[in-house]
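So the structure is just underneath, and the comments pick up after that.
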Amino acid sequence: MRRLRPQLALLGLALLSMAHVGSPDTFFGGKAGPYDVRVSVRLPGVIPGRAQVTVRVEGATSTGSHHVTVRAGQWNVGLKGAPPPEPAAGVPGDPSLYSAELWFMTASSYQLAVHVDGPAGPGEVVIPVVALATAERQMPPWLGSVLAALGVFLTAGLLTIIGAAVRESGLTPGAQPDVVRTRRARIGIAVAAVIAGLALWGGDKWWTAEASAYKRSVLYRPFNAETAFTQNADARVLTLSIRDPRWTGTPNPLSQFNALIPDHGKLMHLFLVREPTLDAVAHLHPIARTPAALDFDVDVPPLPTGRYRVYGDIVHESGYAQTLVSEIELAATATATGTATGTATGTATATDPDDSWFNGTDLDDGTKIVWDRDPSPIVVGVERDLRFHVQDAHGATIDVEPYMGMAAHLLIASRDGSVFAHLHPSGSISMAAMQRFAGSANPHAGHVMDLDSRIAVPYAFPQPGKYRLFVQVKHAGTVKTAAFDVDAQSQPKM
């Protein structure tokens, strides 16, 4: 049983994972034409279901000054085949906030078009949304009892009606049925009871098959992934392998699991987070061993020994983004698969020039990342901008450089491993999917940001608990990382 515990824990983590592990909702910050907007899409958990969409138009000061609509089209249909736009109603008490509900009928990737019309004219932005089914709704026991009682009542009524019809339908008023009619009525009731029983049995089988199909085909399951270490002459190599019947190396262009596309110029973003202390992290970019994209290799930097959670972000041409989940033991000496060989220290190596890693909380050149923290408590489900700025060793605010096209990267990891998110000032969306839907050759189309010291990342913590935030910026050609701790609180009871 001891040997099974790590596998069972990993299975539980995989069942919780999604495009961002444990954090299925979509958050976007950017431009809709001339307007700065913040968009959040809160998924219903079950698909089909109605998602809550909120749009904040920055700078709107009077109710009704803007007209906002939203519409969603499945990735293979597009907006031309989407339902008509839904108007977003203003939220009383906040003139900048608009709210709407949208049906997502299929667990797939969608294009969400947000249209804003106001004093500066019309503006629109198309945001990728991955509609994930992450839950099953269980029928309450009392409702099951009521439905069972109604079923018995209706079945008894059906048999009674059939028996009366066979026994008395041809009789004149006041005449009594004879033995033959009574026998026929009993036979009719028996036959009807058999048919009703078969119908109930068939309905139960159909319902069970539908529930199984939902678990198998609709309920989100990330690709099965495995990790292993190998020792080369001058480097330790981590290999993440996708071993899943849905990913055979020959992608189906008609499926949402079609070919992979680079996000920020990388086919995969791989993260190692040491547990349980969360005091070391690596942001790496493996290289696919073959065009089939079944195995990805990356040199392991000099991280401290210990157990690491492994997360691999990939994006499909359909806009479907997912996070692969695994774990690895980085030990000083061992030879078994899943364990590092050699030592945990040595010369820093990088598979990609954008690889970065972090072993502590201090930046070596005196540069400091400051969290401009709102004094109000962080509450689960309440969206806010996580704001940061960068200072030099003398306390002066300094500008940042683009790090893979972004002003900053923010990694959010919960202490219990149930939540992991890779965010940017644009939010939780995949920029590759956004560019794909925009149909532009610009790899950062659809997003305009200021590359200065002002960093704001929209997010809502999905569940209560303790988290660690890793903020990554680039200055003077070097990636700087700082860590912050967060305690997200439950919603107050009314």
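The values are calculated or read from the model by the stated rules, or taken from the named source; none is laboratory data. Predicted, not measured: the structure shown is a model, and the values here were computed from it. Cβ sites come from the backbone with ideal geometry, for glycine too, and all protein chains shown count toward neighbours. To get the accessible areas, we keep the full protein, side chains included, count just its heavy atoms, and leave off ligands, DNA and RNA. Shrake-Rupley method; radii C 1.70, N 1.55, O 1.52, S 1.80 Å.
Simple rule: put +1 on each Lys or Arg Cβ and -1 on each Asp or Glu Cβ in segment 46-146, find the dipole, and look at V114, Y98, P83; the Cα lying farthest toward the positive end is P83.
Taking every alpha-carbon pair under 8 Å whose residues sit at least 6 apart, the chain reaches a relative contact order of 14 percent.
Computed with a 1.4 Å probe on the full set of protein chains, the accessible area for W206 sits at about 140 Å².
Start at zero, step by 5 Å, and the Cα-Cα distances of segment 178-293 spread as 2, 8, 10, 13, 12, 9, 8, 6, 5, 4, 4, 4, 4, 4, 3, 2, 2, 1, 0, 0 percent across the bins.
Note on I195/Q138: beta-carbon distance plugged into 1/(1 + (r/R0)^6) with R0 of 30 Å gives a FRET efficiency of 0.45. Normalised per residue, the accessible area of segment 169-239 is 69 Å², obtained with a 1.4 Å probe and no contribution from ligands, DNA or RNA.
Across W201, W103, the residue with the most accessible area heads the list, and the full order at a 1.4 Å probe is W201, W103. Protein-only accessible surface at a 1.4 angstrom probe places the residues S376, S241 in the order S376, S241, largest first.
Considering every alpha-carbon pair of the chain, the percent of pairs per 20 Å bin, from zero through the bin containing the longest distance, is 20, 47, 20, 9, 3, 0. Ligands, DNA and RNA left out, the accessible area of segment 79-206 computed with a 1.4 Å probe is 68% carbon and sulfur. Taking 0.692 mPa s as the viscosity and 37 °C as the temperature, the Stokes-Einstein diffusion coefficient of segment 24-103 based on its alpha-carbon Kirkwood radius rounds to 245 µm²/s.
Measuring nothing but alpha carbons in segment 85-156 and taking Rh as the Kirkwood radius, the Rg to Rh ratio lands at 1.25. Three principal axis extents of segment 12-153 based on alpha-carbon atoms, in descending order, are 63, 33, 30 Å. For K31, a cut-off of 25 angstrom between C-alpha atoms picks up these lysines, skipping any fewer than 8 places away in its own chain: K80, K266, K474. Taking all protein chains into account, the per residue accessible area for segment 258-318 stands at 27 Å² (1.4 Å probe). Remark: segment 44-150 carries a charge dipole of roughly 240 debye about the Cα centre, counting +1 on each Lys and Arg Cβ and -1 on each Asp and Glu Cβ. When all protein chains stay in place and ligands, DNA and RNA are ignored, the 1.4 Å accessible-area order of F296, F153, largest first, is F153, F296.
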